[in-house]
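The values are calculated or read from the model by the stated rules, or taken from the named source; none is laboratory data. Keep in mind that this is a model prediction, so the values were computed, not measured. Methodologically, a virtual Cβ is constructed for each residue, glycine included, from the backbone with ideal geometry; neighbour enumeration extends over all protein chains shown.
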């Protein structure tokens with residue numbers, strides 16, 4: 001099982017740069033690059049929607065990365 005690291009907007013841009021370098025150096029397969037790019041786009045879209053929500057509702061911008069995760073029980077054998 002892979003260990004996941006916390007993500008914030010700065011790390012998303014860093015990951016995009018790393019992905020671009022791997023593509024240009026032909027170090028990653030095209031299908032894997034497309035999957036990674038889709039994940040990065042989803043994270044950026046989430047941030048953009050949060051900014052729009054704050055503008056429309058005239059509320060302060062929430063820091064999505066600091067939000068606690070919901071407690072969902074996971075089965076051990078998955």
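Descriptive notes on the structure:
- Residue match in region 20-35 (condition: in contact with a helix residue (DSSP H, G or I) (Cβ under 7 Å, 6 or more places away or on another chain), within 28 Å of residue 62 (Cα to Cα), surrounded by 14 or more Cβ atoms within 10 Å (Cβ to Cβ) and at pLDDT below 90): no
- The listed residues are 52, 3, 10, and the only one of them that is exposed (fewer than 12 other Cβ atoms within 10 Å of the Cβ), modelled with pLDDT under 80 and part of a helix (DSSP H, G or I) turns out to be 10.
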